[in-house]
Amino acid sequence: MKKALIVGASKGGTALLKIFQETAIVEIVAVIDRDDKAPGLELAKRMNIRTGNDWRPFLTDDIDIVVEATGEKDVFAEISQKRKKNTLVIPGEVAYVIAELVEEKEALISTLKSETARLDLILNSTHDGMIVVDGFAYITHMNDSAAAMIKVDKQQVIGKHVLEVIPTSQLPRILKTRKTEIHQEQELENGRKIITTRIPMIDESGRLFGALAVFKDVTEVMKLAEEVTNLKDIRMMLEAIIHSSEEAISVVDEHGKGILINPAYTRITGLSEEEVIGKPATADISEGESMHMQVLKTRRPVRGVRMKVGPKSRDVIVNVAPIIVDGMLKGSVGIIHDVSEIQRLTNELNRARQIIRTLEAKYSFDDIIGTSEEMMVAIEQAKLAAKTPVTILLRGESGTGKELFAHAIHNASDRKYNKFIRVNCAAISETLLESELFGYEEGAFSGAKRGGKRGLFEEANNGSIFLDEIGELSANTQAKLLRVLQEREIVRVGGTKPIPINVRVIAATNVNLEKAIAEGTFREDLYYRLSRMPIHIPPLRARKQDIVALCRHLIHKLNQDYGRNVEGLTEEAIRYLLSYDWPGNVRELENVLGRAMIFMKFNEVLIDVHHIPPLQMPQNKALAEEPTFASSIGPLDEMLEKYEAQLIEAALLEHQGNKTATAKALGISIRSLYYKLEKYDFAKKYTQ
């Protein structure tokens with residue numbers, strides 16, 4: 001047995017202590033740490049392992065392994081110098097990695113246990129038997145109902161090949177054919193007759209990962225339907241059996257009039273006895289043909305027919321068999337299987353998958369539409385930048401697709417399997433933005449959560465963070481962001497301890513940062529840090545040759561959103577769109593196409609000019625006339641101020657007093673606009 005000495009009892013050392021303690025080939029001689037309150041020392045004491053503050057007395061010749069988990073280079077160097085030649089020294093970085101892996105393993109095990117428990121709860125909540133096999137036909141799940149029908153201990157059959165447990169199972173065939181088999185009759189080895197539905201399980205990528213069998217025991221009901229000789233003599237017994245069954249059953253006489261239903265039937269269809277008994281067999285059907293009437297005509301049973309029943313149009317599968325006594329047709333009996341619950345669970349799973357996809361980067365470079373030279377240059381620059389960890393600054397007008405580029409860059413980088421966090425710096429108030437980005441410690445401010453909170457930079461560790469509208473950051477937040485870019489570490493609000501992070505920053509802005517630097521609203525040093533790899537995304541007016549391809553892509557997307565089947569645009573409509581300069585860029589183009597599709601009739605498949613709303617820049621009476629000067633010439637600075645005031649007022653009128661839109665139109669920050677409103681006494685006149 002190897003003897004080991006652990007130096008450092010923090011996170012890494014504690015993790016290795018747990019691992020070594022679980023193995024029989026390593027004996028822990030002692031655990032050392034200068035901090036008497038280190039978690040590893042407390043654990044070692046509970047394990048009756050020696051502890052200490054100095055490792056030197058414990059480094060004897062019989063020590064085979066020394067784990068240096070302090071992370072201090074001097075300690076590692078000294079241990080390496082004083083160790084015996086055959087003593088192995090494990091550095092602190094390894095201990096840290098092992099600690100992370102142990103935490104990840106424990107979290108994964110906990111998640112898997114939780115998911116397995118949830119799945120078992122769902123499977124065991126139904127009276128139907130359910131068996132799930134993997135892609136090689138080995139049983140992975142079996143609910144209690146299935147185990148009771150097959151008469152096996154489900155804990156003993158999990159992991160066995162399905163044919164060892166049910167020799168007549170057809171699930172291996174489903175794995176080969178990938179086809180669903182609905183409501184098939186099967187007899188088990190114990191003589192039970194079941195009606196089963198077999199479904200292949202295929203993920204979104206088309207990969208087959210298993211199969212599911214759902215089945216019901218219909219032995220008693222089918223036996224009664226085949227062997228009954230006198231319905232009147234045994235009616236009471238038949239009613240008792242049917243009413244106690246969890247299967248939904250309906251019985252009609254030879255004329256197709258309802259004579260018997262059970263509570264399970266009422267629960268599924270929502271129809272009471274008064275609405276069914278004595279009424280035609282079609283009374284419960286909301287969609288489909290009556291299988292009772294078909295069986296009464298053909299005297300042959302039917303299996304696995306889909307239909308909708310009851311006032312709520314419940315989706316069900318029905319089996320109907322004739323009741324024949326002494327060669328005479330006396331009626332028919334139907335068994336209804338509710339499939340809406342399985343569909344509901346499937347829909348919930350699909351919605352969960354959609355939610356998960358929204359937490360990740362959704363787009364790639366294939367989703368960027370454009371073949372113009374300007375766009376191809378931007379795409380090539382972005383692809384080149386994606387392969388490096390460099391900070392990227394996306395520049396372009398509003399609506400040009402900066403966020404689309406950010407998604408694509410993350411998905412093309414080696415960080416694509418980690419988180420992609422999106423932050424709109426202008427959408428979060430200045431007081432909250434700092435705590436959202438960098439997190440906060442407990443008690444940092446009134447209302448702070450107990451234990452503090454991780455910030456978005458910590459959430460994005462080892463991934464990417466997209467900071468949109470970076471030009472709107474306050475001076476204090478700019479300083480903190482500069483520290484992140486320079487030192488690769490953050491300090492939480494109310495904290496003093498720096499936290500190292502490894503995050504790729506992708507910033508975006510439609511503000512003239514150079515002008516903001518000149519006005520003193522944006523830090524010059526932060527600008528140079530962000531501009532390591534600037535990428536300019538051209539406006540739509542500079543790449544009009546891409547409009548046709550963009551329209552084709554957007555119409556396909558809008559068809560899915562609106563449930564339409566629009567095929568494209570007429571030549572006149574294309575010429576009309578090409579004649580416009582698109583100040584709102586691709587976002588405005590999508591808006592115009594969406595409005596055009598709303599005005600179209602459902603039988604129209606091509607967007608024409610009369611469907612498209614008028615395309616013209618918003619005009620304003622105040623802008624129709626050029627700002628004018630007084631006839632008299634005065635000092636230059638006074639005349640410049642008058643001209644500036646006229647321009648600002650004209651822009652405010654054009655944007656109906658919206659200060660954010662006015663500031664963007666003038667190419668200045670919102671802070672500068674407020675300053676000028678105060679300067680020219682416009683603050684009270686134009687309120688938002």
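The values are calculated or read from the model by the stated rules, or taken from the named source; none is laboratory data. The structure displayed is predicted, hence computed values, not measured ones. Every residue, glycine among them, receives a Cβ derived from its backbone with ideal geometry; neighbour counts consider all protein chains shown. These accessible areas exclude ligands, DNA and RNA; they are computed on the full protein's heavy atoms, side chains included. Shrake-Rupley method; radii C 1.70, N 1.55, O 1.52, S 1.80 Å.
Values computed for the structure shown
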quantity: Helical contribution to [θ] at 222 nm, DSSP H n ≥ 4, -39,500 (n - 2.57), averaged over the chain, rounded to 500; calculated: -12000 deg cm²/dmol
quantity: Cα-based convex hull volume of the chain per residue, rounded to whole Å³; calculated: 286 Å³
quantity: Ranked packing of 551-557, 40-46, most packed first, by mean Cβ within 10 Å; calculated: 40-46, 551-557
quantity: Förster-model FRET efficiency, 45 Å R0, LYS45 and SER205, C-beta, rounded to 0.05; calculated: 0.30
quantity: Estimated inter-spin distance, ALA549 and ARG532, nm [label 7 Å along Cα→Cβ]; calculated: 3.0 nm
quantity: Gyration tensor verdict on segment 463-570 (Cα atoms; rounded if a/c is under 1.5, prolate if a/b is larger than b/c, oblate otherwise); calculated: prolate
quantity: Full-extension gain in nm, HIS610 to ARG300, via 0.36 nm per residue minus C-alpha separation; calculated: 105.6 nm
quantity: In Å², nearest 10: area of ASP561 left accessible to a 1.4 Å probe; calculated: 90 Å²
quantity: Computed label-point distance, nm, for sites LYS312 and GLU289 using a 7 Å Cα→Cβ extension; calculated: 2.9 nm
quantity: Full-extension gain in nm, GLU22 to ARG575, via 0.36 nm per residue minus C-alpha separation; calculated: 191.6 nm
quantity: Zone of ASN591's modelled label, taken as backbone nitrogen in segment 497-540 under 12 Å from a point 7 Å along Cα→Cβ; calculated: none
quantity: Two-site label geometry, ARG564 and ASN512: point separation in nm, points 7 Å out along Cα→Cβ; calculated: 3.8 nm
quantity: √(5λ) per eigenvalue of the Cα gyration tensor, segment 144-196, largest first, Å; calculated: 19, 15, 9
quantity: Cβ-derived FRET efficiency at R0 56 Å, ARG56 paired with THR371, nearest 0.05; calculated: 0.20
quantity: Cα gyration tensor, segment 35-81 - rounded (a/c under 1.5), prolate or oblate; calculated: oblate
quantity: Distance-filtered residues of segment 491-520 - backbone nitrogen under 19 Å, label point 7 angstrom along LYS679 Cα→Cβ; calculated: 512-520
quantity: Listed residue pairs exceeding 24 Å between alpha carbons, taken from LYS11/LYS416; LYS387/LYS480; LYS387/LYS419; LYS18/LYS497; LYS480/LYS679; LYS257/LYS297; calculated: LYS11/LYS416; LYS387/LYS480; LYS18/LYS497; LYS480/LYS679
